[in-house]
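This report refers to the structure that appears directly beneath it.
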Amino acid sequence: MHLFESFAALMRKDTKALRRAALMPPLHLALPDQEFDIDKSEVINWLCSQPELRNALFTFCRNSGAIVFDKATGKWRGKDYGMVDHNA
């Protein structure tokens, strides 16, 4: 299953996250008369500010194996951290 499909399936099950997203006020994805910039998107900033949605994203990343807990350091990291060139 494609990663986006996996996340979509998780979100369908996560009713708290969906209920929170359903309460989003009217916001701009791209600011009027400006090119899309994800860092300036009102929609993305609002979604990222919601604990339920942040939790759903963390759960997805953990369950997919994209992030792993390192018992030696007590920290979470990307499963491939240190194995690839991060500047590529």
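Quick note: the coordinates plus some simple rules give every number you see, no bench work behind them. None of the values given here were measured: they were computed from a predicted structure. Neighbour counts run over all protein chains shown; Cβ positions are idealised from the backbone, glycine included.
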Once label points are set 7 Å from the Cα along Cα→Cβ at both Met83 and Asp37, what is their separation, rounded to one decimal in nm? 3.6 nm
Determine, from the Cβ-Cβ distance of Ala22 and Ser64 and an R0 of 25 Å, the FRET efficiency 1/(1 + (r/R0)^6), rounded to the nearest 0.05. 0.55
